[in-house]
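Notes follow the structure.
The values are calculated or read from the model by the stated rules, or taken from the named source; none is laboratory data. Only a predicted model underlies this, so the values are computations on that prediction, with no experimental measurement involved. Reconstructed Cβ throughout: ideal geometry from the backbone, glycine too, with neighbour counts over all protein chains shown.
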Amino acid sequence: MEVANEQNLQAAVKSALERAVRDNDLVYVSPVPPASQLSPITGVGMVKLATPTEVADPMGWLMGGGAGQGPLFSALVPYGVHLALSKLATPFES
């Protein structure tokens, strides 16, 4: 039983190969050259290494307003000024 299945498989593969060769000959009129006649495939650089500014210098990018807004922390006042303003605002709130 195994021998018959193996022979059927071999016949099917041989038939498929013959059909593929015939189709190839009809579609592609020029014959396929043997591998020994083909030139070797050489590598090509397809990607250029480029580091975005946001990654290379994130602090410079943020402080320079590269994020679409003013420099980061530009609206903050020094802590001493904050304390003075908070002491000044306390009497007016009550």
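Can you name every residue in segment 1-20 that is surrounded by 10 or more Cβ atoms within 10 Å (Cβ to Cβ) and β-branched (V, I, T)?
Of segment 1-20, the ones surrounded by 10 or more Cβ atoms within 10 Å (Cβ to Cβ) are 6-20.
Within segment 1-20, just V13 meets the criteria.
Filter segment 21-57 down to residues that are of a type in the set (S, T, N, Q), part of a loop (DSSP other than H, G, I, E, B) and under 25 Å from the mean Cα position of the chain (by Cα) and give me whichever is surrounded by the most Cβ atoms within 10 Å (Cβ to Cβ).
Filtering segment 21-57 for residues of a type in the set (S, T, N, Q) gives 24, 30, 36-37, 39, 42, 51, 53.
Restricting the remaining residues to those that are part of a loop (DSSP other than H, G, I, E, B) gives 30, 39, 42, 51.
Then keep just the ones that are under 25 Å from the mean Cα position of the chain (by Cα); that gives 42, 51.
Details: T42: 5, T51: 8.
Filtering segment 21-57 for residues that are of a type in the set (S, T, N, Q), part of a loop (DSSP other than H, G, I, E, B) and under 25 Å from the mean Cα position of the chain (by Cα), the one surrounded by the most Cβ atoms within 10 Å (Cβ to Cβ) comes out as T51.
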Does G80 qualify as being out of contact with any helix residue (DSSP H, G or I) (no Cβ under 9 Å at 6 or more places or on another chain), assigned to a loop (DSSP other than H, G, I, E, B) and either of a type outside the set (A, V, I, L, M, F, W, C) or at pLDDT below 75 (or both)?
no
So G60 clears everything in (1) at pLDDT below 85; (2) part of a loop (DSSP other than H, G, I, E, B) except one condition, right? Which one?
(2)
